[in-house]
Every structure is written in C-alpha cells, then in structure tokens.
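Novice: My structure is below; once you've seen it, I'll send some questions.
The values are calculated or read from the model by the stated rules, or taken from the named source; none is laboratory data. Please read these numbers as outputs of a predicted model, since none were measured by experiment. Glycine also receives a Cβ, built like all others from the backbone with ideal geometry; neighbour counts cover every protein chain displayed. Ligands, DNA and RNA are stripped out before the accessible areas are found, and what is left, the full protein with its side chains, is counted by its heavy atoms. Shrake-Rupley method; radii C 1.70, N 1.55, O 1.52, S 1.80 Å.
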Amino acid sequence: MGKNEFLTPKAIANRIKAKGLQKLRWYCQMCQKQCRDENGFKCHCMSESHQRQMEVFGQNPNRIIDGYSEEFENTFLEHMKRSHRFSRIAATVVYNEYIADRHHIHMNSTQWATLTEFVKYLGRTGKCKVEETPKGWFITYIDRDSETLFKERLKNKRIKADIVDEEKQERQIRKQIERAEQLMPSTNGPSENSDSGSALLQKSDDGGKIAFALGSSVRPIIAKEKAESSKHIFEEIETDKNEKSKSGGNSVKSGVGGRSVLDDLMREQEKAKERSNRKDYWLCEGIVVKIMSKALAQKGYYKQKGVVIKVIDKYVGEIEMLDSKHVLRVDQAELETVIPQIGGLVRIVNGAYRGSNARLLSVDTDNYCAKVQIEKGIYDGRVLQAVEYEDICKASG
C-alpha cells in the first residue's frame, strides 16, 4: 500500500487541511488552486499547467482582471442583498461571511488590493451607503430593485394624498367658521327687531285696525284703552321666540354665549381624524425608544434606549443603541415610547395628529397623559390637553 493512498492517515489529514480556508497569498485564481505553504505555492508556479494559464493571462490581462472584479462585486452584493438587506453592518463581517465559501472569487485577483478600496468603490458608485467609524467601515445595502422602488413610490403617493385630504378638511373647517361668524350678527337681528317691534304698533282711532311700521324712527300712536292689550300680545310673541331659541339647540346662539354648531363640527372632525389615523403600528424613524425585551437582557440591552433608524414592514424597527452604537432589529411589541423632560421635543406617533412634532408642556402622572403644543405644519400652535403616553415619543436630535 502506498503512503498517500485514499485511506492512509496522511491522505485523510491532507483532505482535512484542504477543507478549511488557507492563506490568500498562496491561492492561484487562474488555476483555482489553494496551496498550504510558501514552498507548495512556489512549486505550483513552476508547474507546466500554471505556465500555460499565465500565457493565456498575458494575452489580455485587463479583460481577465475586469471579469474577476465584476464577478467578485456581483457575488458580494448578492450576499449583502440576501443576508443584510436592511441592516447597517461592518464591512469585515460581510467579507468574512463571503469568503466562508472556499470557491469564492479571491480579492487578490481583482482590481482592488484591499477591502477598504473596495468599500470606497461601493460608496462612490452609489451601490452601498458607506460610513467610516472608529470601529471600522460600515456599509448599508441600497436596494434598487424595481419592485421595492415601486412600493416606495406607492407609499410616498399615499402619504401625499393623506396630507392633501387633511388640508382640505382644514380649509372646510375654516370656511364653516367664517360662514358662522358672518351669520352671527344676523342671528342677533331678530331679537333687536322684536324689542323695537313693540314700539311699532299703530292703531287708528277710527278704523280700529293694527298697523306695523318697519322704520325705527316712527313713533307709535297707541290708544290708552288698548295699551295693556298690545303689551300682552308682544309679551306672548317674545315668550314664543325665547322658547323656539331654547328648543333649537343646534342653531348658533345669539350674543356672546358661544358657537355650539362650530363646536360640534370641530368635535366631529377630531373624531374623524382620530378614526383615520389610529393604527395598530406606531414605529417611525427618528424617535427614541426603550427596549423591553427580556431575551436581550443577557446581552445588556434590556431597558436601554436607542434611535429608530429604519422601519421594516411597519412593525419591525432597526434600533441604533445610544451607548454602544450597535444596530438591533426589534419588533414594536418589545419596544416602549420614551417621554422627555418638560419642554422637550416629541413626535406624535398615533392618533388624530399622527406624524406631527410637538413640545411637551406638562405631564399628568396620575392619568398617564401629557399636555403638548404642536409645532410647525398646518396645526402649528394647537394645544392638546391630554395625550396618552403611548401616543407620543421623544424625538432624536
């Protein structure tokens, strides 16, 4: 039996060593052969098969290097898209996962000498979002898939349509308010006319007929014997008008009393906005949340705060921790809103004014609600008296 036959210990040891990754400098991409040491690589370079491959390479080196570079880039981005599509992750982590396949295209056969050069190239060409940090280079895959872009366009169109609908509702409310204010003087008119109307009763001495004059300057000439009866008549008219004004509760009140119709309209609008904007999801980018997942307690993330940098499928958020800058993917059921100090900036994440920024004015700890004032937008300056803790969250920055 030969010493290097299939089942000899030496042959088995060689196969075990060949399974794992070896050093990159002892790999020949043209021959797709991995050598275990410098001596083996030197012997391979002197072999006849390698010399033939080098002759092929020498005929058109740029085309071969460009081909390897393109294949390396495509497979690297495909791995990013499949494994870290929505994550911000260290470039070294992605590269180590990529080279786990021993038959991958090696970097020493491409136009990039180091991983840093390749990462900068991805940033320049807009294929990845690249960030340099004290802990190294971090990359985020930019999804340019046609289906994803179509979904983004539909989402943006829905958001614009919602904003337009809200603006239309606001304009209608303002028009109704202006119309009611214009009707206010006319509602006061009949009461004044009714007061002066008692002075407009005229009775001729000969005919005994009652006549009304519309001018306020005309003085009534009333017979003495009929004065008391005319007073009784107008007292009844006044009482009838008062009863009608009391029974007609939906009409606009006369005097300084108030605007019951406007209050009802605004109350209905508030309810409609609450129904349309109240959702079972509340995550949005740019807010500070607290992680309440006990499964992450062993890693030190329990009750730690972070910023939502991305929302995935409405219910899952990518959270960048404030202390460690680590990025986690957590479901909204395991997150909690954060209430800032008085005077801090908050984002309304649910309810009628969803998406608006506001300033925290006070906190009611007994009823678990807060008083906020909306800043900017079409509701600028509006004060909300009692907003639940779950509907507001601290804004980052």
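Novice: Provide the gained length on full extension for the span LEU7 to ARG153, in nm with one decimal, where the gain is 0.36 nm per separating residue minus the Cα-Cα distance.
Specialist: Difference between extended and current length: 46.4 nm.
Novice: Find out how many positive minus negative residues lie around ILE163, taking Lys and Arg as positive, Asp and Glu as negative, among other residues whose Cβ is under 12 Å from that of ILE163.
Specialist: 0
Novice: Ok, one more. How much accessible area per residue does the range 265-397 have, counting only protein heavy atoms and a probe of 1.4 Å, in square angstrom?
Specialist: Heavy-atom accessible area per residue stands at 56 Å².
Novice: For THR92 and LEU77 in the same chain, what is the full-extension length gain: residue separation times 0.36 nm, less their Cα-Cα distance, in nm? Numbers along the way, then the final one.
Specialist: Values: separation 15, 0.36 × 15 = 5.40 nm, distance 1.38 nm.
So the extension gain works out to 4.0 nm.
Novice: Order these peptides, 280-291, 117-128, by their mean beta-carbon neighbour count within 10 angstrom, highest first.
Specialist: On the way: 280-291: 17.9, 117-128: 15.6.
Highest-to-lowest ranking by the protection proxy: 280-291, 117-128.
Novice: Quick one: if the Förster radius is 56 Å, what FRET efficiency do TYR315 and SER47 give, using the C-beta to C-beta distance and rounding to 0.05? Write down the numbers at each step before the final one.
Specialist: Numbers: r = 58 Å, r/R0 = 1.04.
Plugging the Cβ-Cβ distance into 1/(1 + (r/R0)^6) gives 0.45.
Novice: Counting pairs of alpha carbon atoms under 8 Å apart in space and at least six apart in sequence, what relative contact order in percent does the range 253-397 give?
Specialist: With pairs under 8 Å counted, the relative contact order is 21 percent.
Novice: Pop the C-beta distance of ARG63 and HIS84 into the FRET formula with R0 = 35 Å and round what comes out to the nearest 0.05.
Specialist: Working: r = 31 Å, r/R0 = 0.90.
Calculated value: 0.65.
Novice: What FRET efficiency do you get for TYR281 and ARG179 if R0 is 35 Å and r is their Cβ-Cβ distance, rounded to the nearest 0.05?
Specialist: Details: r = 38 Å, r/R0 = 1.09.
For R0 = 35 Å, the calculated efficiency reads 0.35.
Novice: Going 7 Å from the Cα of GLN111 in the Cα-to-Cβ direction, what parts of the range 73-89 have a backbone nitrogen less than 12 Å from that spot?
Specialist: Once the point is set 7 Å along Cα→Cβ of GLN111, 73 turn out to lie under 12 Å by backbone N, inside the range 73-89.
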